[in-house]
Amino acid sequence: MTHNFGKAVSLLIVTAVIHAGCSSRRGGEYPITPIPFNAVTITDSFWRPRIETNRVVTIPYEFRMCEETGRIDNLRKAAGLMDGPYLGRRFNDSDVFKAMEAASYSLIQHPDAGLEVLMDSLVTLIGQAREEDGYLYSARTVDPDNPAPGAGSERWIHLQGSHELYNVGHMYEAAVAYYQATGKRAFLDIALKNADLIDSVFGPGKRMDTPGHQEIEIGLGKLFRVTGEKRYLDLAKFFLDQRGREHDSAPYPDSSVYAIYNGRPYKQDHLPVLEQSEAVGHAVRAVYMYSGMADIAALAGDPSYVKAIDRLWEDVVRGKLYITGGIGARHTSEAFGDAYELPNREAYTETCASVGNVLWNHRMFLMKGESEYIDVLERTLYNGLISGVSFSGDRFFYQNPLESTGGYARSAWFDCACCPPNIARFLPSLSGYMYGQRDTEIFVNLFIGSTASLKVDGVPVTLTQETDYPWQGWIHLTIDPERPLKSTVALRVPGWARNEPVPGDLYRYETSIEDAPLLTVNGKETAAESGDGYLRITRVWQAGDRIELVLPMPVRRVRSHPDVVPNRGRAALQRGPLVFCLEEADNGPDVLSAVLPPDAVLRGVFRPDLLQGVMTIEAGALTAVPYYAWANRGAGSMTVWIKEK
């Protein structure tokens with residue numbers, strides 16, 4: 001199959017259009033284009049150390065654990081380079097691919113010859129492990145007669161639970177990222193040959209089926225953006241449209257063992273996607289599917305998908321979203337519960353689900369241009385997502401509960417190890433979520449110290465952002481166009497600064513902020529157009545023009561909807577984007593019995609000596625710390641929702 005790249009697509013063009021949530025300008029696009037992460041350098045004191053720890057600790061650790069646990073050996077066995085049975089879960093290939101995606105993003109920001117050599121060796125191994133026609137699934141290649149991995153003796157026969165297409169979806173994402181990082185085609189060619197095989201097997205008039213675990217839809221969207229081959233986007237839409245319909249593949253062979261995987265609501269397969277209006281089932285599968293649906297809505301310009309994804313977003317945000325931005329209430333199935341079913345101690349809130357929630361909400365913003373999607377993204381990012389990794393970078397949460405009686409700590413690894421590499425691949429791409437552009441309008445969405453390069457109406461522009469966010473609410477933005485430029489800068493005013501924790505009435509602040517955000521340009525107060533959660537300034541910008549935005553950042557009590565039964569008579573604490581918790585290390589072992597009287601005075605106090613430097617909330621004898629930081633000092637008790645009586 002010949003792929004039309006036009007005249008040797010340059011690396012510059014490729015890097016400008018590929019990353020989580022990004023779109024291409026050929027064949028289809030999101031209305032808003034993100035400023036790509038490779039065009040943004042993070043200088044921020046909050047995020048830069050985390051990204052550096054991810055680079056020097058987490059990514060090497062991921063590869064080491066993939067070696068020690070036999071994940072890479074499975075590929076060697078599939079390649080015929082060593083003997084032995086397949087080891088571990090049927091989706092273990094995907095952990096290797098996610099680690100490779102993380103390494104690729106890191107290479108863009110920090111070239112590393114040794115890491116590139118490792119990547120090239122793995123690409124060679126993957127090329128050897130695939131079968132002659134491009135099929136890649138080491139569980140089946142190594143051990144097709146062993147039912148434990150769930151592969152089956154024939155391809156695709158257990159597609160509802162085999163993860164055959166889930167695995168290669170992650171491979172596509174990694175291949176695109178490595179091409180983006182290096183310009184090398186070998187990995188991308190492996191991905192394209194596999195996608196061409198799948199395209200020859202599935203579709204109208206061919207095999208009518210869909211994978212049990214969504215992910216390939218996202219990967220196919222990225223292949224479409226690289227190649228301009230619309231059939232990849234069409235294939236992603238086919239897999240989505242097949243949900244809720246009859247399939248050619250059989251259920252899992254042993255219903256007593258795999259009963260949960262055969263439940264159609266569990267994998268969002270109970271209704272056609274355009275008829276779904278409630279978020280149900282496995283939360284990670286759901287948000288991966290919703291991200292793929294957003295791609296179809298925007299890149300394929302399908303209004304029916306826009307309506308469906310809007311309904312699902314409303315259902316999640318108005319009744320199924322934790323205050324930390326986490327999703328997935330039920331342990332038994334890692335799944336959404338009913339509306340207002342948000343237990344605290346039993347909360348599942350998987351780290352992967354938080355990553356997926358960010359991917360989905362970023363796409364919603366790129367499609368709609370409304371700040372409420374970034375509000376949900378930011379809440380998830382600063383709370384339920386980064387809680388998933390320790391300060392040391394080598395210990396991880398799979399679940400992120402909002403209450404603990406003690407004994408719960410981050411783990412070195414998991415048998416089902418999807419979360420560690422998901423964190424590892426997300427952090428080095430964070431800069432791609434900060435800014436957006438629509439024609440001559442520049443969106444400033446996340447407040448992170450950085451320098452960004454972009455072009456507006458053909459004019460090169462440098463943006464320099466300085467801030468002490470999330471500890472303080474001041475943001476300084478310097479605009480340096482190469483020549484005078486008329487454009488609009490849209491500064492997001494976060495929901496927490498507009499007295500709206502999240503859209504709807506799931507959460508509310510006890511008191512309102514009376515002070516409005518203060519906005520100046522070159523030291524003078526400036527009127528700005530307000531709408532969609534943004535302050536917009538339109539003018540002819542000169543080199544060195546400076547915008548200053550000050551967001552009031554008091555400590556807030558948050559209460560939840562009365563139908564969230566576990567939170568009745570309780571309050572949570574929030575300051576800026578951060579949710580706080582009481583932890584045993586600061587308050588003794590009885591934090592679950594602690595009382596925060598309604599008249600308690602709440603003070604924000606910065607502690608440079610604590611937890612790598614954090615803002616604490618002092619409330620009488622109680623001390624609250626940011627939720628993301630809990631369990632870095634031992635496995636003590638903790639609570640987010642504090643009794644008021």
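No lab work stands behind these numbers, since they all come straight from the coordinates. This is a predicted model, so every value here is computed, not measured. We place every Cβ from the backbone using ideal geometry, glycine too, and count neighbours over all the protein chains shown.
In a fully extended conformation the segment linking residue 505 and residue 439 would gain 20.3 nm over its present Cα-Cα distance, using 0.36 nm per residue. Evaluated at q = 0.15, 0.24 Å⁻¹, the base-10 log of the normalised Debye intensity for the stretch 107-213, with identical point scatterers placed on the Cα atoms, takes the values -0.69, -1.32. The equivalent ellipsoid that matches the C-alpha gyration tensor of the stretch 512-645 spans semi-axes of 36, 19, 12 angstrom, in descending order. Remark: 184, 368 ranked as 184, 368, counting other beta-carbon atoms within 10 Å and listing the fewest first.
Here the stretch 317-379 yields Rg over Rh of 1.00, to two decimals, using C-alpha coordinates and the Kirkwood radius.
Taking a straight line from the alpha carbon of residue 524, these aspartates and glutamates sit under 14 Å away, with near neighbours fewer than eight places off in the same chain left out: 545, 548.
Cα-Cα over 32 Å: which of 320/455; 206/320; 307/486; 98/206? Going by Cα-Cα distance, 320/455; 206/320; 307/486 fall outside the 32 Å limit.
Residue-wise HN-Hα couplings along the stretch 598-605, as the Karplus relation 6.51 cos²θ - 1.76 cosθ + 1.60 with θ = phi - 60° gives them from phi, are x, 9, 5, 7, 10, 10, x, 10 Hz; Gly and Pro carry x. For the chain, the convex hull drawn through the C-alpha positions has a volume of 144 cubic angstrom per residue.
Each of 582, 602, 637 was scored by the projection of its Cα onto the charge dipole of the stretch 555-643, and the greatest displacement toward the positive side belongs to 602; charges sit on the C-beta of Lys, Arg, Asp and Glu. Near residue 306: Cβ cut-off under 14 Å, other residues only, Lys/Arg at +1 and Asp/Glu at -1. The net charge is 0. Neighbours of residue 268 by Cβ distance under 9 Å: Lys/Arg scored +1, Asp/Glu scored -1, total +3.
Quick one: Cα convex hull volume of the stretch 476-556, Å³ per residue?
Residue-normalised Cα hull volume stands at 95 Å³.
Along the axis of the charge dipole computed for the chain (Cβ charges of +1 for Lys and Arg, -1 for Asp and Glu, origin at the Cα centre), the listed residues 139, 453, 479 are led at the positive end by 479. Of interest is the spacing of the C-alpha centroids, which for the stretch 428-494 and the stretch 339-396 amounts to 23 Å.
Principal-axis analysis of the Cα atoms of the chain puts helix 113-129 at an angle of about 40° to the longest axis. Rounded to the nearest 10 degrees, the inclination of helix 351-368 to the longest alpha-carbon principal axis of the chain is 80 degrees. Taking a ≥ b ≥ c as the square roots of the eigenvalues of the Cα gyration tensor, the stretch 525-604 is prolate, since a/c reaches 1.5 or more and a/b is larger than b/c. For the chain, the 222 nm mean residue ellipticity estimated from helices alone, with every DSSP H stretch of n ≥ 4 adding -39500 (n - 2.57) and the total spread over all residues, rounds to -10000 deg cm²/dmol. Debye sum, Cα scatterers, the stretch 405-538, no solvent: what log₁₀ I/I(0) at q = 0.09, 0.10, 0.15 1/Å? Log10 of I(q)/I(0), two decimals: -0.40, -0.48, -0.90.
So, in Å, what gap is there between the alpha-carbon centers of the stretch 604-619 and the stretch 104-183? Cα centres, the stretch 604-619 to the stretch 104-183: 43 Å.
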